[in-house]
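We did not get these values from a lab; they are worked out from the coordinates using the rules stated. What you are looking at is a predicted structure, and each value in this text was computed from that prediction instead of being measured. Don't worry about glycine lacking a Cβ; one is built from the backbone with ideal geometry, like all the others, and counts go over all protein chains shown.
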Amino acid sequence: MNILEIDFLPELQFQASRSSGAGGQNVNKVSSKVELRFNVVNSQLLDESQKALILQKLKNQINSEGELIVVSQEDRSQLKNKTLVIKKFKALLVKALTVAPKRKPTKPTAAMIAERLKDKKKNAERKTQRGKVVY
């Protein structure tokens with residue numbers, strides 16, 4: 001099942017607080033910053049392999065209780081910040097759950113090897129010329 005199709009809302013916890021930064025009186029009286037908390041360890045929506053991937057890749061954003069914390073305070077509106085934080089959360093999960101394809105090792109071409117050896121010889125010659133001059 002695609003991670004974007006899962007409805008995480010029952011397991012998400014939202015907390016609103018005053019956001020920091022410029023904004024004058026509005027920023028001091030309106031709680032527009034939204035913090036999303038998602039307990040990865042206790043989630044019923046993810047299987048064990050998905051949990052392990054998320055815990056490994058997002059370990060810097062997960063606290064000691066196993067909660068993934070995402071914050072948004074870009075907008076003046078709490079509602080817009082809530083939708084932004086949900087988008088950020090889903091983007092984080094998608095990025096964490098995508099497995100990078102294995103790299104196919106490539107062999108250097110003969111021309112590349114010859115070019116590298118030519119450069120090495122040129123560099124060695126340059127360094128030998130730095131030595132003491134015999135008169």
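Residues in the stretch 48-95 that are assigned to a loop (DSSP other than H, G, I, E, B) and either in contact (Cβ under 8 Å) with a residue 60 or more places away in the chain or surrounded by fewer than 18 Cβ atoms within 10 Å (Cβ to Cβ) (or both): 9 in all.
Determine, yes or no, whether SER43 is part of a loop (DSSP other than H, G, I, E, B) and polar (S, T, N, Q). In short, yes. Consider the stretch 96-135 and keep the residues that are in a loop (DSSP other than H, G, I, E, B) and over 36 Å from the mean Cα position of the chain (by Cα). The one that is farthest from GLN13 (Cα to Cα) is TYR135. On the stretch given as the stretch 78-135, residues that are farther than 30 Å from LYS51 by Cβ and in contact with a Lys or Arg (Cβ under 7 Å, 6 or more places away or on another chain) total 0.
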